[in-house]
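The values are calculated or read from the model by the stated rules, or taken from the named source; none is laboratory data. All figures in this text were calculated on a predicted structure; none of them were measured in a lab. Neighbour counts are summed over all protein chains in view; Cβ atoms, including those assigned to glycine, are modelled from backbone coordinates with ideal geometry. When the accessible area is computed, the model is the full protein with side chains, heavy atoms only, and any ligands, DNA or RNA have been set aside. Shrake-Rupley method; radii C 1.70, N 1.55, O 1.52, S 1.80 Å.
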Amino acid sequence: MVRNLIIGLFLFSIAVLSYDSLPYFHFSVYRPLSMFSMFASSFLLLFTGYRFKTGDYFLLAFAMYSIGHSLVVSIGYEDVGSSFKHVITVLFGISMYRTSVYIAQQTKEDPALIGWIAKSVLVAFVLPIAAGFIQLLDALFVHSGFSGAFTGLFSEKVYRGRIQMLSGEPSWAAIHMLSGGLLMLFLHKRGYRWQLQLLIGTAVLMVLSFSAYAYSVLLTALLIYVLITKKNRGKMMLLLGVCVAVVAIGVPFLLEALHVSGYFTDRFQFNFSHMVKADNSFFIRVFFPAIGFLEFAQHPIFGVGGGFYYRDFAGLLLKHFSDGLVFTEVSDLVFNRPEMATSRNLLAKVFAEEGMVGAILLIGFMASVLRSAGANPYAKFAFALCVSLVMNFDSYSFVNFWLLIGFIRGGFFDVVPAVREVGMEIQSMKGMKRIA
């Protein structure tokens, strides 16, 4: 019964994966429903024989160091609240990882579970993809903003003229399209043919979202994949070159042909000096992580403490990047709400808050995950995607990240689903009849 309940909670988590900022909950900007059911299922794992793997000790050591260090420095900073928020995200992250590893291991014992995961992926993306095409129709042809009324039922903030599906931000929609698209491709290749339509719809939306973040993550993931694999390296380098050409030439052509305009389209003129001065989002994505590494330079061994990136944020920004004060969001964070400042990049966050000690522990864990991927192309690309996804996300409660990392560790991408097994059995029986 406990096992079935854990599986049921996990399948629910997958089914609501793309709902990350419902307007009815206000505890955080990023508030995916998935993490709550993942946390509950992880709690139930305490009543099973599940144990961490050897490589996971790096993660456990990182979590203990991060939590303990954060609580200690919070006394000196007189800010236990920020430390408590940090601790919660770390615990949620580990919980999501534990659950994902357990489910991946269960698919080896019960291949039929793959089919249920495929159904949950279908539930997770049918409605958001439909919403994405409604937004696409509105952005390219209707130009009335009518899609916002529907999107507003699922997201607190609606971006007019953008493809955000049902997510809180267009970049979060890109995260779901990329990670979900990988799962769709894997499931399709393993025999679940009805994932193909879902994958095609996701691919079309990702291209026509004109999201610089989505393209950057994909290109970075392909580059990382080329660097960590030996098999088919030439083909992947060719694919990377084609993707670069599409982004550099094809996307600007589509923007002009479809008469798409907006703040996000200026990014494809590739005038970076202009974007720094005129694009608020670009400035934040580039210089907030840079501030994190400046903090690391000042506190290289132990960092400033988990949850305390904001402590040196205002001073460093005023000293090195004061031009950003022309943006309302930046100036508001500096002068009015410095405690709300975040690095917007998980790698910068780790180095700034955890120092070299924490960074080495987390890198050790990631190295062990990469070893778990072996030569499996899906697992290796999932790893590359995880590393690139965090360039615009700095929360330890990042559902998509831990889901894919857990699937790699648990061997999910090595499993042959029941659909494939049945086909293999039938072929074997036919072969035996022919021999007879």
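Would you please state which residues of segment 203-221 a label at ILE249 would reach in this model, taking the label point 7 Å out along Cα→Cβ and a backbone N cut-off of under 16 Å?
none
Farthest toward the dipole's positive end in the chain, which of LEU223, VAL251, ILE291, given Cβ charges of +1 (Lys, Arg) and -1 (Asp, Glu) about the Cα centre?
After comparing all options, I get LEU223.
Per 0.36 nm of contour for each residue apart, how much would the distance between VAL204 and HIS274 grow if the chain were fully extended, relative to their Cα-Cα spacing?
Taking VAL204 through HIS274 to full extension adds about 22.3 nm, to one decimal.
Restricting to Cα pairs below 8 Å that are 6+ residues apart, what does the relative contact order work out to for the chain? Please round to a whole percent.
22 percent.
Once you list every other residue whose beta carbon is under 13 Å from the beta carbon of PHE92, what net charge do they have if Lys and Arg are +1 and Asp and Glu are -1?
+3
Go through 82-92, 227-237, 287-297 and give me the packing order, highest mean Cβ count within 10 Å leading.
Averaged packing, sorted descending, gives the order 287-297, 82-92, 227-237.
Report the one residue of ALA61, PRO32, VAL101 whose Cα lies farthest in the direction of the positive end of the charge dipole of segment 30-134 (charges on C-beta: Lys and Arg +1, Asp and Glu -1; origin at the Cα centre).
The one lying farthest along the dipole's positive direction is VAL101.
Once you charge only the Cβ atoms, +1 for Lys and Arg and -1 for Asp and Glu, what is the size of the charge dipole of segment 170-296 about its Cα centre, to the nearest 20 debye?
720
Keeping the other protein chains in place, figure out the carbon and sulfur percent of the accessible area of the chain, with a 1.4 Å probe.
So the carbon and sulfur contribution to the accessible surface is 68 percent.
How many nm is it between the label spots at LYS119 and LYS231, if each spot is 7 Å from the Cα in line with the beta carbon?
3.1
Treat every Asp and Glu Cβ in the chain as -1 and every Lys and Arg Cβ as +1, leave all other atoms uncharged, and give the resulting dipole magnitude about the Cα centre to the nearest 20 debye.
1780
Would you mind calculating the relative contact order of segment 1-115 from Cα pairs under 8 angstrom and at least 6 residues apart, reporting the percent as a whole number?
Relative contact order, segment 1-115: 27 percent.
Report the charge-dipole magnitude of segment 64-129 in Debye, nearest 20, computed about the Cα centre from +1 at each Lys and Arg Cβ and -1 at each Asp and Glu Cβ.
Here the size comes out at about 200 debye.
Would you calculate, for the chain, the mean residue ellipticity at 222 nm contributed by helices, counting each DSSP H stretch of 4 or more residues as -39,500 (n - 2.57) and dividing by all residues, to the nearest 500?
So the helix-based figure for the chain works out to -22000 deg cm²/dmol.
Place a point 7 Å from Cα of PHE133 in the direction of its Cβ. Which residues in segment 166-209 have their backbone N less than 14 Å from it?
Counting backbone N atoms under 14 Å from the label point, the list is 196-206.
With label points built 7 Å along Cα→Cβ from the Cα atoms of MET1 and LYS108, find their separation and express it in nm.
2.9
Could you do me a favour and compute the accessible area per residue for the chain, 1.4 Å probe, result in Å²?
Using a 1.4 Å probe on heavy atoms only, each residue of the chain averages 45 Å².
May I ask you to list the lysines whose Cα is less than 24 Å away from that of LYS235, ignoring any residue fewer than eight positions away on the same chain?
Within the straight-line limit of under 24 Å, LYS235 reaches these lysines: LYS189, LYS380.
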